[in-house]
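Here's the structure we're looking at; comments come further down.
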Amino acid sequence: MLELDAIHTFYGRSHILQGVSLEVRRGEMVTLLGRNGVGKTTTLRSIMGLTPAREGRVRFDGRDITRAKTHRIARAGLAYVPSGRRIFSALTVRQNLLLCVRGAVGGNSAWTVERVYRMFPKLAELDSRKAGLLSGGEQQMLKLGRALVANPRLLLLDELTEGLAPTIVGDLADWLGLLKAEGFSMLMCEQNALFALELADRGYIMEKGQIRFSGAAAELRGSAQIRQYLGV
Ligand SMILES: Nc1ncnc2c1ncn2[C@@H]1O[C@H](COP(=O)(O)OP(=O)(O)OP(=O)(O)O)[C@@H](O)[C@H]1O
Ligand SMILES: [Mg+2]
């Protein structure tokens, strides 16, 4: 479904991604792990065309999107949930969701605001609250909801658990589990390696702009070498 073939990405002269190859198959949940500053966010930005790769190829459903414009990549069915507080604070939860609604492509039954609320009743309870008043965990849930109503086929999630209390991380894990059961494909970058490896099918571990290890999540979780490398 998504395929990165030896991509090289730069910020100015800084050579950040140095031949990154990875793959997400349909219905798969894949995690990209690694310490601070290794290039995880840059990988997602390269996929979305925000910092396009200078060399190598990014393909989505067989189509070359390496140098496509971000809005076209989004329209092709990719949704990027960046880290940090990217919501409209002065608008309500519902208004934030409505801004992102886009019809489903193909024969998929569309995710509407009401469908998101049915699946995630906690968000429904916040319907008319100003987004700026939400807790950190509630904001993450809103960001996920906004990605859903855009009806993507692949979700790119950056540090969803950042700064959240353990109970909230548990809620997010439940949410992602539900989405996976719905057949969503996902690529998620995480500092919280154990959280990610519990949920994911497969994982990649980056170091200095390159993939160092990859494998089934269970295998990575079970490896003493990997656990030591990730510091978990
Ligand atoms: N806009 C930018 N201009 C120049 N360098 C940048 C820019 N954004 C990131 N970098 C550098 O690129 C490298 C990779 O950053 P990136 O954000 O991809 O790392 P990351 O793996 O997502 O880290 P973290 O876990 O802290 O989010 C870092 O050395 C960072 O300092
Ligand atoms: Mg990052």
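Where a number appears in this text, it was derived from the coordinates with a stated rule and is not lab data. If you're wondering where the values come from, they're calculated on a predicted model, not measured in any experiment. So basically every Cβ, Gly included, is an ideal-geometry build from the backbone, and we count neighbours across all protein chains shown.
Which condition does L172 not pass, out of (1) within 17 Å of the chain's Cα centre (by Cα); (2) of a type outside the set (S, T, Y); (3) more than 26 Å from F60 (Cα to Cα); (4) surrounded by fewer than 15 Cβ atoms within 10 Å (Cβ to Cβ), if it passes all the others?
Of everything listed in (1) within 17 Å of the chain's Cα centre (by Cα); (2) of a type outside the set (S, T, Y); (3) more than 26 Å from F60 (Cα to Cα); (4) surrounded by fewer than 15 Cβ atoms within 10 Å (Cβ to Cβ), L172 misses just condition (4).
Any idea which residue in region 18-43 is farthest from D5 (Cα to Cα), counting only those that are touching a strand residue (DSSP E or B) at 6+ places or on another chain (Cβ under 8 Å) and near ligand 1 (Cβ under 8 Å from one of its atoms)? Working first, answer last.
Filtering region 18-43 for residues touching a strand residue (DSSP E or B) at 6+ places or on another chain (Cβ under 8 Å) gives 18-35, 38-43.
Filter again for near ligand 1 (Cβ under 8 Å from one of its atoms), leaving 34-35, 38-43.
Numbers: G34: 19, R35: 22, V38: 18, G39: 16, K40: 16, T41: 17, T42: 15, T43: 12 Å.
For region 18-43, the residue satisfying everything is R35.
Would you be able to tell me the number of residues in region 148-185 that are assigned to a loop (DSSP other than H, G, I, E, B), within 16 Å of ligand 1 (Cβ to nearest atom) and farther than 21 Å from V113 by Cα?
Narrowing region 148-185 to residues assigned to a loop (DSSP other than H, G, I, E, B): 150-153, 159-165, 182-184.
Restricting the remaining residues to those that are within 16 Å of ligand 1 (Cβ to nearest atom) gives 159-164.
Filter again for farther than 21 Å from V113 by Cα, leaving 159, 161-164.
Final tally of qualifying residues: 5.
Scan region 46-54 and give yes if some residue there is within 11 Å of ligand 1 (Cβ to nearest atom), among the hydroxyl-bearing types (S, T, Y), touching a Lys or Arg at 6+ places or on another chain (Cβ under 8 Å) and farther than 30 Å from Q225 by Cβ, otherwise no.
yes
If R146 satisfies every condition in (1) within 16 Å of ligand 2 (Cβ to nearest atom); (2) touching a Cys at 6+ places or on another chain (Cβ under 7 Å) but one, which is the exception?
Result: R146 passes all but (1).
Please tell me if A216 is surrounded by fewer than 20 Cβ atoms within 10 Å (Cβ to Cβ), away from ligand 1 (no atom under 16 Å from the Cβ) and free of Cβ contacts under 8 Å to residues at least 24 places away in the same chain. Give the steps one after another, and end with the answer.
Numbers: surrounded by fewer than 20 Cβ atoms within 10 Å (Cβ to Cβ): yes; away from ligand 1 (no atom under 16 Å from the Cβ): yes; free of Cβ contacts under 8 Å to residues at least 24 places away in the same chain: yes.
It is true that A216 is surrounded by fewer than 20 Cβ atoms within 10 Å (Cβ to Cβ), away from ligand 1 (no atom under 16 Å from the Cβ) and free of Cβ contacts under 8 Å to residues at least 24 places away in the same chain.
Listed residues L17, L50, L44, L4; which is aliphatic (A, V, I, L, M), within 13 Å of D158 (Cα to Cα), touching a residue at least 12 places away in the same chain (Cβ under 8 Å) and surrounded by 14 or more Cβ atoms within 10 Å (Cβ to Cβ)?
Being aliphatic (A, V, I, L, M), within 13 Å of D158 (Cα to Cα), touching a residue at least 12 places away in the same chain (Cβ under 8 Å) and surrounded by 14 or more Cβ atoms within 10 Å (Cβ to Cβ) holds for just one of L17, L50, L44, L4, which is L44.
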